[in-house]
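K.L.:
For reference, the structure I am asking about is given below.
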Amino acid sequence: MSKTQVTVPLDIPDVRVLGTEINERGELIITVESKKSGTRCRKCDRWITKSHGQDDWVMIRHLPAFGRVTYIRFRPKRYQCQDCEGHPTTTQTLEWYESKSAQTMVYEDHILLQLVNATIEDVSMKEQLSYDRVMGVMERRISEQVDWSQYDELGRIGLDEIALKKGHRDFVTIVTGYLKDGRIVILGVLADRQKDTIVDFLRSIPKRLLDTIQTVCSDMWEGFTEAVREEISTAKLVIDRFHVTEHYQDAADTIRKQELGRLKTELSEEEYKELKGCMWAFRKKRSDLTPEERKVLKRFFTYSPSAKKAYELRLQLTAIFEQQISKEKAKAKIRAWIARVRESGLTCFDGFLKTLENWWEEITNYFINRETSGYVEGFNNRIKVLKRRCYGIFNLNHLFQRIYLDLEGYRLFI
Ligand SMILES: [Zn+2]
């Protein structure tokens, strides 16, 4: 028997193991008793040591041992206060167990770690815990709002909108911080993207931190930019390059659509078939094209010189954004690009040119430090995944907790 026994740490301090058993369901039950004596009186907060029996048996989930669902079984001790009137009794508080919780703290840490980039359902299944219990751990242990005291300075923040439902027009605002050490943190999940909502949020930032915000990255949404101009007038506004790119890519794409539509009626069915895959090829960078896509695109461009022009102009602008150049230099290059667009006779970029004009300073501010929001830098893909995972998280507090866990979970619970 002794050969098949091993000793594993219980990860619970100050307890004595009274016995272990495996029940009929194959679950491991470890019976313990607290070695600590005394507790603080719940009335007067004095340390009390006069024993007053025990509460009923409690059985709480603990870290699985060798893949078995494991429980800790114990009777909380009670103590009586000699000083308070009526000599009230208090149940001993233990650092490894929060009263009324159904799990040990260390097991809750384990659950929270499992929740990083996973769904409540997944964790519930894997841990054989009910959905509500997993949710309960998250609700109890993870704050639903930012704790400003953990930050010394903010430097750069990002304001981004996400739609919680596909095709839905109700947006929520995600506020991220990009800390000096490179960490991206979640600062807020706001109910909508109205200017007033943003103003209220910015006003909730402690003054000492507000003063450290040098850059605000956002998209071209006046609710965001007006709120920032009014509340943090010293901050530099930067339009996320990502949003600018999206804008002119869509512009170029309208020509692609139009021209394919035209060709569909003008070409024979056979000839048109040879343009298959051209939509994806058109959207790609030249360096990402497969030989096959190159061919398709070349064929398309022989039929449509204007699509070719739009494609090239798009690549040229991207090339400017790729360069490490000063804001002034970037402005000159973009002006030259605008001139080329005008000469081309294409109208698909008209809307984008207007955007450039309206947001000229904010767009070219990008070139000062090449800053984008935390959302854009490696974060938006995670949000996309999160949205897919948690389809139907309309509770903003839960959304904050989920994002917080995804971003900070590994750091906090490993
Ligand atoms: Zn007392």
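The values are calculated or read from the model by the stated rules, or taken from the named source; none is laboratory data. Computed from a predicted model, the values in this text were never measured in an experiment. Using ideal geometry, Cβ is built from the backbone for each residue, glycine included, and neighbour counts are taken over all protein chains shown. Note: accessible area is taken over every heavy atom of the protein model, side chains too, but ligands, DNA and RNA are not part of it. Shrake-Rupley method; radii C 1.70, N 1.55, O 1.52, S 1.80 Å.
K.L.:
Can you find even one residue in the stretch 101-118 that is in a strand (DSSP E or B), within 30 Å of GLU27 (Cβ to Cβ) and away from the ligand (no atom under 14 Å from the Cβ)? Let's see the steps before the verdict.
P.N.:
Of the residues in the stretch 101-118, the ones in a strand (DSSP E or B) are 103-104.
Okay, now just the ones that are also within 30 Å of GLU27 (Cβ to Cβ), so 103-104.
Checking the rest, the ones that are also away from the ligand (no atom under 14 Å from the Cβ) come to 103-104.
So far as the stretch 101-118 goes, yes, one or more of its residues are in a strand (DSSP E or B), within 30 Å of GLU27 (Cβ to Cβ) and away from the ligand (no atom under 14 Å from the Cβ).
K.L.:
Now a separate question. Does ARG283 count as under 28 Å from TRP221 (Cβ atoms) and open to solvent by 80 Å² or more (accessible area, probe 1.4 Å)?
P.N.:
Values: under 28 Å from TRP221 (Cβ atoms): yes; open to solvent by 80 Å² or more (accessible area, probe 1.4 Å): yes.
Considered against the rule, which asks whether it is under 28 Å from TRP221 (Cβ atoms) and open to solvent by 80 Å² or more (accessible area, probe 1.4 Å), ARG283 comes out as yes.
K.L.:
Name the helices (runs of 4 or more DSSP H) wholly inside the stretch 176-290 in which the number of residues that are among the polar types (S, T, N, Q) and out of contact with any strand residue (DSSP E or B) (no Cβ under 7 Å at 6 or more places or on another chain) is 1 or more. Before you say what the answer is, go through the steps one by one.
P.N.:
Values: elements: 195-204, 207-210, 222-231, 241-266, 269-273, 278-283.
Here the list reads 195-204, 241-266.
K.L.:
Among the residues of the stretch 12-24, count how many are touching a residue at least 24 places away in the same chain (Cβ under 8 Å), in a strand (DSSP E or B) and open to solvent by 30 Å² or more (accessible area, probe 1.4 Å).
P.N.:
The total comes to 1.
K.L.:
Would you pick out the residues in the stretch 195-222 that are buried (at least 20 other Cβ atoms within 10 Å of the Cβ) and small (Gly, Ala, Ser)?
P.N.:
Scanning the stretch 195-222 gives a single hit, SER218.
K.L.:
Of the numbered conditions (1) open to solvent by less than 40 Å² (accessible area, probe 1.4 Å); (2) free of Cβ contacts under 8 Å to residues at least 24 places away in the same chain, ARG314 satisfies every one except a single condition; which is it?
P.N.:
(2)
K.L.:
For SER143, which of the numbered conditions (1) in a loop (DSSP other than H, G, I, E, B); (2) open to solvent by less than 60 Å² (accessible area, probe 1.4 Å) fails to hold?
P.N.:
Tallying (1) in a loop (DSSP other than H, G, I, E, B); (2) open to solvent by less than 60 Å² (accessible area, probe 1.4 Å), SER143 fails exactly one: (2).
Residue-by-condition table, conditions (1) open to solvent by 20 Å² or more (accessible area, probe 1.4 Å); (2) in contact (Cβ under 8 Å) with a residue 40 or more places away in the chain; (3) in a loop (DSSP other than H, G, I, E, B):
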residue	(1), (2), (3)
ALA330	no, no, no
VAL341	no, no, no
THR347	yes, no, yes
LEU353	no, no, no
GLU357	yes, no, no
ILE363	no, yes, no
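K.L.:
How do the pairs read when you match residues in the stretch 230-242 that are of a type in the set (Lys, Arg) with residues anywhere that are open to solvent by 40 Å² or more (accessible area, probe 1.4 Å), using Cβ under 9 Å and keeping only pairs 6 or more apart or on different chains?
P.N.:
As it stands, the answer is LYS236/GLN214; LYS236/ILE368; LYS236/ASN369; ARG241/ARG370, since those pairs meet every condition given.
K.L.:
In the stretch 86-100, which residues are within 16 Å of the ligand (Cβ to nearest atom) and part of a strand (DSSP E or B)?
P.N.:
Within the stretch 86-100, the first condition is being within 16 Å of the ligand (Cβ to nearest atom), and the residues that meet it are 86-93.
Passing the criteria: THR89, THR90, THR91.
K.L.:
Further, regarding this structure: Only one residue in HIS243, HIS247 is over 20 Å from the mean Cα position of the chain (by Cα) and open to solvent by 10 Å² or more (accessible area, probe 1.4 Å), so which one is that?
P.N.:
Working: HIS243 fails: over 20 Å from the mean Cα position of the chain (by Cα).
Of the residues listed, the single one that is over 20 Å from the mean Cα position of the chain (by Cα) and open to solvent by 10 Å² or more (accessible area, probe 1.4 Å) is HIS247.
K.L.:
Looking at (1) open to solvent by less than 30 Å² (accessible area, probe 1.4 Å); (2) touching a helix residue (DSSP H, G or I) at 6+ places or on another chain (Cβ under 7 Å); (3) among the acidic types (Asp, Glu), which is the only condition GLU27 fails?
P.N.:
Going through the list (1) open to solvent by less than 30 Å² (accessible area, probe 1.4 Å); (2) touching a helix residue (DSSP H, G or I) at 6+ places or on another chain (Cβ under 7 Å); (3) among the acidic types (Asp, Glu), GLU27 breaks only (2).
K.L.:
Right, here's the next one. Report, ordered by the first and then the second residue, all pairs with beta carbons closer than 6 Å, sequence separation of six or more or different chains, a first member in the stretch 30-54 that is at positive phi, and a second member that is away from the ligand (no atom under 16 Å from the Cβ).
P.N.:
Pairs that qualify, where the first residue is at positive phi and the partner is away from the ligand (no atom under 16 Å from the Cβ): there are none.
K.L.:
Here's another thing I want to ask about it. Answer yes or no as to whether SER306 is surrounded by fewer than 13 Cβ atoms within 10 Å (Cβ to Cβ), in a helix (DSSP H, G or I) and out of contact with any Gly (no Cβ under 6 Å at 6 or more places or on another chain).
P.N.:
Working: surrounded by fewer than 13 Cβ atoms within 10 Å (Cβ to Cβ): no; in a helix (DSSP H, G or I): yes; out of contact with any Gly (no Cβ under 6 Å at 6 or more places or on another chain): yes.
When the stated conditions are applied, SER306 does not pass them.
K.L.:
Out of all the residues in the stretch 35-85, which are more than 16 Å from the ligand (Cβ to nearest atom), surrounded by fewer than 13 Cβ atoms within 10 Å (Cβ to Cβ) and hydroxyl-bearing (Ser, Thr, Tyr)?
P.N.:
Passing the criteria: only SER37.
K.L.:
Sticking with this one: Within the stretch 264-280, can you find the residues that are open to solvent by less than 90 Å² (accessible area, probe 1.4 Å) and without any contact (Cβ under 8 Å) to a residue 24 or more places away in the chain?
P.N.:
Result: SER268, GLU271, TYR272, GLY277, CYS278, MET279.
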